[in-house]
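Data first, discussion second: the structure below is written as structure tokens.
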Amino acid sequence: MERVYNFSAGPAIMPVSVLKTIQKDLLSYQGSGMSVMELSHRSSLFQSIMNDAESLLRELMTIPSNYKVLFLQGGASLQFIMLPMNLGKTKVAYVNTGSWSEKAIEEAQKVDGLTVEVIASSKENNFIENPEIPLVSKEYDYVHITTNNTIEGTAFLNIPANGEVSLVADMSSNILSSSYEVSDFGLIYAGAQKNIGPAGMTVVIVREDLIGLKENLPAMLDYKIQADSGSMYNTPPTFAIYAAKLMFEWLKELGGVAEIEKINREKAAMLYAAIDSSTLFYSPVSKNSRSLTNIPFVTGNAELDKLFIKQAESQGMINLKGHRSVGGMRASLYNAFPKEGVNKLVALMKEFETKVEG
Ligand code: PLP
């Protein structure tokens with residue numbers, strides 16, 4: 001079966017080598033006679049998958065030993081509320097850089113007695129350019145940012161020092177695709193379905209002093225209970241954790257985050273060069289805020305956009321339709337997306353432009 005070039009913003013493309021290992025382990029895992037999906041989460045076979053997944057992630061991101069790594073459920077969206085429930089004591093600060101930041105802010109506002117302040121925003125200019133992240137005083141419990149705005153195609157690739165207030169990041173769409181220093185953050189969270197593996201697992205990396213600040217939280221929503229039970233308070237998303245472990249191995253083999261960032265920069269540069277030199281397509285995003293993983297581009301004519309997406313589909317390039325709030329096209333170039341797919345897209349853009357402009 002021929003594979004397509006899948007530009008989906010998530011769930012995203014996975015490497016064929018990983019999918020083949022999964023295929024093999026689906027019937028019998030390591031000679032156990034059980035599918036990897038049938039392993040008890042309390043079995044030694046699964047415990048070693050869990051341990052390997054954690055240690056590989058620690059190695060790939062150079063996670064310091066005073067941080068806990070949690071593998072939870074509920075997606076990044078559950079973290080929108082779990083985070084302020086656990087870390088928000090009186091006042092929290094948010095940087096609003098797009099639709100997902102707005103969702104995070106709306107959820108934090110639901111925590112009783114918590115004041116939520118938006119300390120910087122790019123909403124006024126349609127989220128096309130990220131604002132500066134201001135230094136804030138100690139009165140805030142944390143400052144929340146979205147490192148990569150999946151829908152708008154902007155990113156914070158350099159993180160400014162933030163004094164004494166913990167920086168918290170939603171890294172759902174660029175975790176493991178660009179290098180970040182974990183110690184710049186108090187907490188990092190990310191849904192798995194872009195650079196980590198299949199949907200169903202959420203990674204939380206949290207500094208130990210931020211765990212257990214509040215009492216009597218619902219058990220499933222308490223970082224302390226989750227950390228104390230090694231992410232096994234209840235049945236964890238075993239298959240998603242197993243697949244993530246394979247993805248971590250794949251990335252390590254490839255050379256780790258620094259190496260994949262180099263490749264991701266090359267892929268993104270190829271597409272941005274094609275967009276910037278085009279007389280038909282353009283990028284709605286300011287050059288200094290551009291994402292490496294999610295690249296929107298438009299013609300400015302909805303009918304032409306539709307035609308382009310249709311032609312791309314007929315050539316095996318799928319899921320290029322931009323988010324409904326932005327329109328046009330969006331190419332998501334996560335870690336497993338191959339360079340050849342970007343070449344093919346760029347070639348079609350040139351061919352399409354020539355046809356339209358004669
Ligand atoms: N945050 C960002 C930046 C995202 O891109 C997404 C999903 O695409 C989410 C949060 C929501 O993630 P989930 O579907 O895992 O709840």
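The values are calculated or read from the model by the stated rules, or taken from the named source; none is laboratory data. Everything quoted here is computed from the prediction, not taken from an experiment. Neighbour counts are summed over all protein chains in view; Cβ atoms, including those assigned to glycine, are modelled from backbone coordinates with ideal geometry.
Of all residues in the stretch 154-175, count the ones that are under 24 Å from GLY88 (Cβ atoms) and away from the ligand (no atom under 11 Å from the Cβ). Please lay out each step first, then the result.
Taking the stretch 154-175 and keeping what is under 24 Å from GLY88 (Cβ atoms), we get 156, 159-173, 175.
This time we only want the ones that are away from the ligand (no atom under 11 Å from the Cβ), so: 156, 159-168.
Qualifying residue count for the region: 11.
Considering every residue within the stretch 136-153, establish whether at least one is over 19 Å from GLY88 (Cβ atoms), part of a loop (DSSP other than H, G, I, E, B), hydroxyl-bearing (Ser, Thr, Tyr) and free of Cβ contacts under 8 Å to residues at least 40 places away in the same chain.
Restricting attention to the stretch 136-153, the residues satisfying the condition of being over 19 Å from GLY88 (Cβ atoms) are 147-153.
Those still in the list that are part of a loop (DSSP other than H, G, I, E, B) too: 147, 150-153.
Going one step further and asking which of them are hydroxyl-bearing (Ser, Thr, Tyr), we end up with 147, 150.
Those still in the list that are free of Cβ contacts under 8 Å to residues at least 40 places away in the same chain too: 147.
Checking the stretch 136-153: at least one residue is over 19 Å from GLY88 (Cβ atoms), part of a loop (DSSP other than H, G, I, E, B), hydroxyl-bearing (Ser, Thr, Tyr) and free of Cβ contacts under 8 Å to residues at least 40 places away in the same chain.
The condition (being in contact (Cβ under 8 Å) with a residue 40 or more places away in the chain and part of a helix (DSSP H, G or I)) is satisfied by just one residue among ALA269, ALA227: ALA227.
Would you mind finding the one in ILE22, ILE119 that is of a type outside the set (Asp, Glu), away from the ligand (no atom under 14 Å from the Cβ) and touching a Leu at 6+ places or on another chain (Cβ under 8 Å)? Steps first, please.
Working: ILE119 fails: touching a Leu at 6+ places or on another chain (Cβ under 8 Å).
The match here is ILE22.
Which one of GLY200, GLY212 is of a type outside the set (Phe, Trp, Tyr), within 16 Å of the ligand (Cβ to nearest atom), assigned to a loop (DSSP other than H, G, I, E, B) and touching a helix residue (DSSP H, G or I) at 6+ places or on another chain (Cβ under 8 Å)? Talk me through it step by step, then tell me what you get.
Details: GLY212 fails: within 16 Å of the ligand (Cβ to nearest atom).
Going through GLY200, GLY212 in turn, the sole match is GLY200.
Does VAL165 fit the bill of being modelled with pLDDT under 95 and in the same structural domain as PHE239 (by TED's automatic domain parsing)? Criteria met by VAL165. Does at least one position in the stretch 202-212 carry a residue that is small (Gly, Ala, Ser), over 20 Å from ALA53 (Cβ atoms), surrounded by fewer than 17 Cβ atoms within 10 Å (Cβ to Cβ) and touching a Lys or Arg at 6+ places or on another chain (Cβ under 7 Å)? Scanning the stretch 202-212 turns up at least one residue that is small (Gly, Ala, Ser), over 20 Å from ALA53 (Cβ atoms), surrounded by fewer than 17 Cβ atoms within 10 Å (Cβ to Cβ) and touching a Lys or Arg at 6+ places or on another chain (Cβ under 7 Å).
The single condition from (1) within 14 Å of THR293 (Cβ to Cβ); (2) within 10 Å of the ligand (Cβ to nearest atom); (3) of a type in the set (Gly, Ala, Ser) that SER178 fails is (2).
What residue, among those in the stretch 55-77 that are closer than 14 Å to ALA240 by Cβ and not in a loop (DSSP other than H, G, I, E, B), is farthest from the ligand (Cβ to nearest atom)? Per the criteria, the residue is LEU57.
The condition of being within 23 Å of PHE337 (Cα to Cα), outside the structural domain of GLU59 (by TED's automatic domain parsing) and not charged (D, E, K, R) holds for only one of ALA268, ALA244, that being ALA268.
Would you pick out the residues in the stretch 7-16 that are more than 15 Å from the ligand (Cβ to nearest atom) and either within 13 Å of the chain's Cα centre (by Cα) or surrounded by 14 or more Cβ atoms within 10 Å (Cβ to Cβ) (or both)? Before you say what the answer is, go through the steps one by one.
Within the stretch 7-16, the first condition is being more than 15 Å from the ligand (Cβ to nearest atom), and the residues that meet it are 14-16.
Passing the criteria: MET14, PRO15.
Apart from one condition, LEU45 fits all of (1) more than 21 Å from the chain's Cα centre (by Cα); (2) over 30 Å from GLU249 (Cα atoms); (3) hydrophobic (A, V, I, L, M, F, W, C); the exception is (2).
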